[in-house]
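Report on the structure given below.
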Amino acid sequence: MNTNFLLGVGWPDAATSSVPYGLASALALLLTVWLLAFLKRMADEHYRLLKEKEREDAAAAAADEEDTEKSVASPTAGLEKPLILAGFLLCLGPALASAQDSKDPGPSITLGAFVETYFSWNFNRPQSSLTAFRGFDARHDSFALSNAVLDTHWTAGAASGRLALQTGDTPDIYYGAEATSDIRHILEATVAWKAPVGKGLTLDGGIFLSPIGPETILIKDNWTWSRSTLFFGLPFYHAGMRATYPVSDRWSVTGAVYNGWNNVTDTNGKKSVSVQGLYTKPDKITASLLYFGGAERPRGAPEGQPWRNLFDAHITMAVSKALSLQAHADGGFEDTTFGRSSWRAAALAARVKANSWLYVAGRADILDETIPGSSAGTASPLFFPTTRVRSLTATLDARPADRLSVRLEFRHDAAADPIYFRGASAVSSAKSQSTVTFGLTAWF
C-alpha cells in the first residue's frame, strides 16, 4: 500500500514532492476545523445583527404607540380637516356599504331617437306621386317624413327589453297588409333574459327586425339612402322567440322560431325557424350565414303550403381607413303544386371616405326569380310581378355635424317587364325608372 501523497502544481513540467499520507491527513483535518470555526463565527455575527434589528423595530413600534395615545388625548390638535373628512365618510359609509353589498346595480334606461325626412323626384313623373317597388322612399315630388322613432332600451339585472315606436310613411310600407292595426307604430318590442348558462344564453321574445341581410331599417346605419332590391323583397320583421349564445368573443349562434315571413299574426298555423352564425370583428369585419325555413303561403293558396327554404350570406369589411366593401348573396326555393319556385339575388356595394365629413357610396344589386307554371296554372311571384329586377345606386353622404347625415342619391331601377308607372297612366307601362333623392336624418 502506498503511504505517500503527491503534491504538485498543474502546469507542464512542474515539480512534485512526496508527503507522507499521515501528515497530509493531519493537515486536512486542521484546515477543516479552522473552516468550521470561521463559519460558526460568521453565523453568530449574523444572529447578533438580526437581534439588534428586532430590538430597534420594537422600540420604533413603542414610540408610535406613545404618539397615538397622545393624539387621542388631544383629538382636536391640528386635525380639523381630517375630522371633517372622517365625518363625511361616516355619513356616506352606509350608502357605500349598501352599494357594495348589492349585487344588482338596479335598472337602467337608455333613450334614443331618430328622424328621417326626404324629397325625391322620379323622372317618369308618375301622376300618382308614388315610386313603385321602392322601399321607404316611395314619394315623388313631395317632401316626406319617412320615419320618426323613439327608442327605449332598459336593463334590470339579467332581464332587459326594447320598445321602439315609429310614425311616418315607413310603418305602412313596413307592415304592409298588417298596417291597418295599431301594431304598425311598433318598430321593435322585445323582452330578454340572460340565463346563467355557459358564457351566457340570451332568450328573448317579441317583434324583431329581420336578421336577413346586412341592411337595416335605420338609414343612418346604411351606406345609401334607399335600400337595395333585396331588402325590399326579403322580410322586414318577425314575431316569435329566439336564443343567442356567444360561442367565442367573435362568434355567436342564434336559433329562432317565428310566426312567419313578415307576420305578427300567424296566417297559416305553421311556424318558421331560422339559424344564424354571426362573426364580428369590431371596426373590421361583420359576416353572417343564415338559414330561414317555413311554410309561408296562406291557407287555401293554390300553390299549397310548401316549405320555403332561404339561404343568406353577407359580409361587410373595412379594407382600409378609407375603403369599405359589402357583399350580399341570397337564394332559396319552395316546391309548389305548379312546380318549383326559386330565386337568386346578390348585391355589391363600396363606400369611400373622401375626407372627415364626406362619404361616397355605390351599389349594384339584382334579384332573379323562377316562376313555375303547369297545365294547372302558374304560381304567384314571391317578390315582384316579373322575373328580374336590378338597380344601380350612387350616394353622397355629408356629415356636417355629429349625428347628422345629409345625403344626395341617384338611383336607376330596371325590370324584365313593365312594372313601373309613367305619367298619367294608371297601368304600369315602364320597364325602368330613375330617381334623385335629397334626404336628412339625425339621431341620438
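Odds and ends about this structure:
- Residues (under 16 Å from the mean Cα position of the chain (by Cα), more than 20 Å from Arg139 (Cα to Cα), surrounded by fewer than 22 Cβ atoms within 10 Å (Cβ to Cβ) and among the hydrophobic types (A, V, I, L, M, F, W, C)) located in region 177-230: Leu201, Phe208, Leu209
- Residue-level analysis places Val257 outside the set of residues that are modelled with pLDDT under 95 and aliphatic (A, V, I, L, M).
- Single residue of region 158-176 satisfying the filter (surrounded by fewer than 16 Cβ atoms within 10 Å (Cβ to Cβ) and either of a type in the set (A, V, I, L, M, F, W, C) or at pLDDT 95 or above (or both)) that is farthest from Thr110 (Cα to Cα): Thr167
- As a summary of the residue check, Phe311 satisfies the conditions (1) farther than 30 Å from Asp413 by Cβ; (2) within 22 Å of the chain's Cα centre (by Cα); (3) aromatic (Phe, Trp, Tyr) except for the one numbered (1).
- Residue count, region 315-368 (criterion: farther than 21 Å from Ile212 by Cβ and among the β-branched types (Val, Ile, Thr)): 5
- Qualifying residue in region 195-202 (condition: in contact with a Lys or Arg (Cβ under 7 Å, 6 or more places away or on another chain), touching a residue at least 40 places away in the same chain (Cβ under 8 Å) and of a type outside the set (A, V, I, L, M)): yes
- Breaking point among (1) at positive phi; (2) in a strand (DSSP E or B), for Lys194: (1)
- Number of the exception - Ile366 against (1) under 19 Å from Thr386 (Cα atoms); (2) among the hydrophobic types (A, V, I, L, M, F, W, C); (3) loosely packed, with under 15 Cβ neighbours inside 10 Å: (3)
- Residue within region 369-386 that is in contact with a helix residue (DSSP H, G or I) (Cβ under 8 Å, 6 or more places away or on another chain) and either not in a loop (DSSP other than H, G, I, E, B) or not assigned by TED's automatic domain parsing to the domain that holds Ala287 (or both) present: no
- Set Ser375, Ser391, Ser380: member being at pLDDT below 95 and either surrounded by fewer than 19 Cβ atoms within 10 Å (Cβ to Cβ) or closer than 18 Å to Gly331 by Cα (or both): Ser375
- Lone unmet requirement of (1) touching a Ser or Thr at 6+ places or on another chain (Cβ under 8 Å); (2) touching a residue at least 24 places away in the same chain (Cβ under 8 Å); (3) part of a strand (DSSP E or B) for Gly260: (3)
- The number of residues in region 303-329 that are among the aliphatic types (A, V, I, L, M) and either over 19 Å from Thr224 (Cβ atoms) or not assigned by TED's automatic domain parsing to the domain that holds Ser228 (or both) comes to 2.
- Yes/no for Val360 being within 21 Å of the chain's Cα centre (by Cα) and modelled with pLDDT of 95 or more: no
- Every residue from region 400-415 that is surrounded by 14 or more Cβ atoms within 10 Å (Cβ to Cβ) and either assigned to a loop (DSSP other than H, G, I, E, B) or charged (D, E, K, R) (or both): Arg407, Glu409, Arg411, Asp413
- Here Thr155 fits the description: of a type outside the set (Gly, Ala, Ser), buried (at least 16 other Cβ atoms within 10 Å of the Cβ) and more than 26 Å from Thr435 (Cα to Cα).
- Filtered by the rule that a residue be among the polar types (S, T, N, Q) and over 22 Å from the mean Cα position of the chain (by Cα), region 314-355 gives Thr336, Thr337, Ser341, Ser342, Asn355.
- The residue of region 256-307 that is surrounded by the most Cβ atoms within 10 Å (Cβ to Cβ), among those that are under 21 Å from the mean Cα position of the chain (by Cα) and polar (S, T, N, Q), is Ser274.
- Exactly one residue out of Leu348, Leu310 is at negative phi, surrounded by fewer than 16 Cβ atoms within 10 Å (Cβ to Cβ), of a type in the set (A, V, I, L, M, F, W, C) and part of a strand (DSSP E or B): that is Leu348.
- Residue under evaluation Thr267, criteria (1) outside any strand (DSSP E or B); (2) touching a residue at least 40 places away in the same chain (Cβ under 8 Å), criterion not met: (2)
- Tally, over region 170-188, of residues that are assigned to a helix (DSSP H, G or I), farther than 18 Å from Thr267 by Cβ and among the hydrophobic types (A, V, I, L, M, F, W, C): 1
- Residue under evaluation Gly300, criteria (1) on the phi < 0 side of the Ramachandran plot; (2) assigned to a loop (DSSP other than H, G, I, E, B), criterion not met: (1)
The values are calculated or read from the model by the stated rules, or taken from the named source; none is laboratory data. Small disclaimer: the values here were computed from a predicted structure and weren't measured. Every residue, glycine among them, receives a Cβ derived from its backbone with ideal geometry; neighbour counts consider all protein chains shown.
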